[in-house]
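Visitor: Got a structure for you, questions after.
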Amino acid sequence: MIVKYLMLSSLPLSSGDNEGSLTERTKTSRLWMPKRVVFTAESMEESYGQKIYKRITSLGLEAKILKNNRLTGLRGETERETYKIAKNTLAIVKAPPSAFRLTPIPPSADWQYHLAQGCPAHCQYCYLAGSLSGPPAIRVYANLPEILSNLKQYEKPGAFTTFEASCYTDPLGIEHLTGSLEESIKHFGTRPDTQLRVVSKFDAVDTLLSLEHNNRTRFRFSLNADQISKRLEGGTATIDARMKALRKLALPKENGGGGYPVGVVLAPIMPVPDWKEHYSKMLDQLKQHLNFFCDLTFELITHRFTPGSKDVLMEWYPNTGLDMSEENRTVKRNKFGGMKYVYSKEMMKDLKTFFELEITRQFPFAKILYWT
Ligand code: SF4
């Protein structure tokens, strides 16, 4: 699949005590640009929808305003063709009423809410496979102010409440087209005792550095061994670029960074041949980028799949090299009767021991939030 990218130079950052290498210009970032952009009629009745329209057309993209609210033309002759068409389509829509009834998302956060559904990347293990229905177009919500305002009723009075915004999309991957992440960060900046939680595999963070986040956004990057990422994470920023972005966000503001609490979501962890060596290398590389004290967390997630997600992924990526053979796995059931395939108990123990030891050794100031 040919995905069109726009190359943009990043802004220079000033130097500081901890900085050194950031006196030079940061590397260019690749921004995803859709081939087709459509706005539903009702999305254009929203003031934020009109803002997105201006943003998108000012990037030189053609945008079509539909006469109704039905998205058509997303299907091809085969599932693979449908995938190609949909993944190149950005649709601006109004979030349905169900988007206003939040659901919990343990262990990541108290609640999940959505800025969009769908993602421009092409990870062959994609978490969205099997959880979203229909062609995987990227649907961005035009009624964002309402969505953010609705979150207030979910804040626990007198306690800390966390909100995850990356369950159904990669918000940073489409931020240049939507601005929704910036709005969210600013919203949480005004809400005491809350935390916005974001995860990304992209790296265009420069526009976020100067925002008033008030330490209420924890910005995490999804990282993996380089050889796993290169093989399975199409259309994303490289591991090195993500680490650079993480560094920029974590550096104190006075050192030219964003001063955000940050995190690493190590996922999906896979015991590929020589996995200890590959993951040690990745953690060494991370240490080079994060060679200063910062508010850092780790979340450790091993690879798993369900029968449903495997079927969808095999349609999307028929030639995938991803190991989804059931024979090498243990079945885990949830309380609703659903099943997933995870690594064996022995393998899980080996992996867990390795990562906990290595992370504690390399990043003694960091906190491991969970292992799964
Ligand atoms: S970045 Fe996340 S949502 Fe996007 S394709 Fe990869 S796994 Fe799927």
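The values are calculated or read from the model by the stated rules, or taken from the named source; none is laboratory data. As the structure is a computational prediction, the values presented were derived from the model and not from experiment. All Cβ positions, even for glycine, are placed from backbone atoms using ideal geometry, and neighbour counts span all protein chains on display. Heads up: the accessible areas ignore ligands, DNA and RNA and are worked out on the full protein's heavy atoms, side chains in. Shrake-Rupley method; radii C 1.70, N 1.55, O 1.52, S 1.80 Å.
Visitor: Show me the ranking of peptides 34-41, 346-353 by mean Cβ neighbours inside 10 Å, starting with the highest.
Guide: So the peptides 34-41, 346-353, ranked by packing, come out 34-41, 346-353.
Visitor: Whole number in Å², please: accessible area per residue of the chain, 1.4 Å probe, ligands, DNA and RNA not counted.
Guide: Result: 46 Å² of accessible area for each residue.
Visitor: Might you report the magnitude of the Cβ-based charge dipole of the stretch 171-242 about its Cα centre, with Lys and Arg at +1 and Asp and Glu at -1, to the nearest 20 debye?
Guide: For the stretch 171-242, the charge dipole is close to 280 debye.
Visitor: Also: Rounded to the nearest whole Å³, what is the per residue volume of the convex hull around the Cα atoms of the stretch 216-293? Walk me through the intermediate numbers first.
Guide: Working: hull volume 6.9 nm³, N = 78.
About 89 Å³ per residue, rounded to a whole number.
Visitor: Still on this structure, please answer the following. Would you please name the chymotrypsin sites (Phe, Trp or Tyr not before Pro) within the stretch 164-217 that are DSSP coil residues with at most 10 other C-beta atoms within 10 Å of their C-beta? Could you put the intermediate results ahead of the total?
Guide: On the way: sites: Tyr168, Phe188, Phe202; in loops: Tyr168, Phe202.
Counting only loop positions with at most 10 other Cβ atoms within 10 Å, none of the chymotrypsin sites (Phe, Trp or Tyr not before Pro) in the stretch 164-217 qualifies.
Visitor: Enumerate the calculated ³J(HN,Hα) couplings along the stretch 77-90 in order (Karplus 6.51 cos²θ - 1.76 cosθ + 1.60, θ = phi - 60°), each rounded to whole Hz, writing x wherever the residue is Gly or Pro.
Guide: 5, 10, 4, 5, 5, 4, 4, 5, 5, 5, 5, 9, 10, 10
Visitor: Please report the relative contact order for the stretch 45-189, taking Cα pairs under 8 Å with a sequence separation of at least 6, and give it as a percent rounded to a whole number.
Guide: Relative CO of the stretch 45-189 lands at 30 percent.
Visitor: Mind checking which lysines have their C-alpha under 16 Å from Lys87, skipping anything on the same chain fewer than 8 residues away?
Guide: Lys4, Lys35
Visitor: Same structure again: Taking the Cα centre of the chain as origin, work out the dipole magnitude from +1 charges on Lys and Arg Cβ and -1 charges on Asp and Glu Cβ, in debye rounded to 20.
Guide: Roughly 560 debye, rounded to the nearest 20.
Visitor: Place a +1 charge on the Cβ of each Lys and Arg in the stretch 282-340 and a -1 charge on the Cβ of each Asp and Glu, then give the dipole magnitude about the Cα centre in debye, rounded to the nearest 20.
Guide: Values: 8 positive and 8 negative charges, 68 e Å.
Roughly 320 debye for the stretch 282-340.
Visitor: Assign one of three labels to the chain, namely rounded, prolate or oblate, based on the Cα gyration tensor with a ≥ b ≥ c the square roots of its eigenvalues; rounded applies when a/c is under 1.5, prolate when it is not and a/b is larger than b/c, and oblate otherwise.
Guide: Values: a/c = 1.40, a/b = 1.10, b/c = 1.27.
Rounded, since a/c falls under 1.5.
Visitor: When DSSP assigns beta bridges and you keep just the ones with both residues in the chain, what percent turn out antiparallel, to the nearest 5? Kindly include the intermediate steps, with their values, before the conclusion.
Guide: Numbers: 16 of 53 bridges.
In the chain, approximately 30 percent of DSSP beta bridges are antiparallel ones.
Visitor: Can you pull out the GluC sites (Glu not before Pro) in the stretch 73-111 that DSSP calls coil and that have at most 10 other Cβ atoms within 10 Å? Provide the component values of the computation, followed by the final result.
Guide: Working: sites: Glu77, Glu79, Glu81; in loops: Glu77.
Answer in residue order: Glu77.
Visitor: List the extent of the Cα atoms of the stretch 170-270 along each of their three principal axes, largest first, rounded to whole Å.
Guide: Computed over the Cα atoms, the extents are 40, 28, 23 Å.
Visitor: A further question on this structure: Among the aspartates and glutamates, which fall within straight-line cross-link reach of Lys230, defined as a Cα-Cα distance under 13 Å, with same-chain neighbours fewer than 8 residues apart omitted?
Guide: Partners found: Asp240.
Visitor: Amide H neighbours of Thr161 under 5 Å, at least 5 residues apart or on other chains, H built in the peptide plane: list them.
Guide: Amide H neighbours of Thr161: Lys156, Thr194, Gln195.
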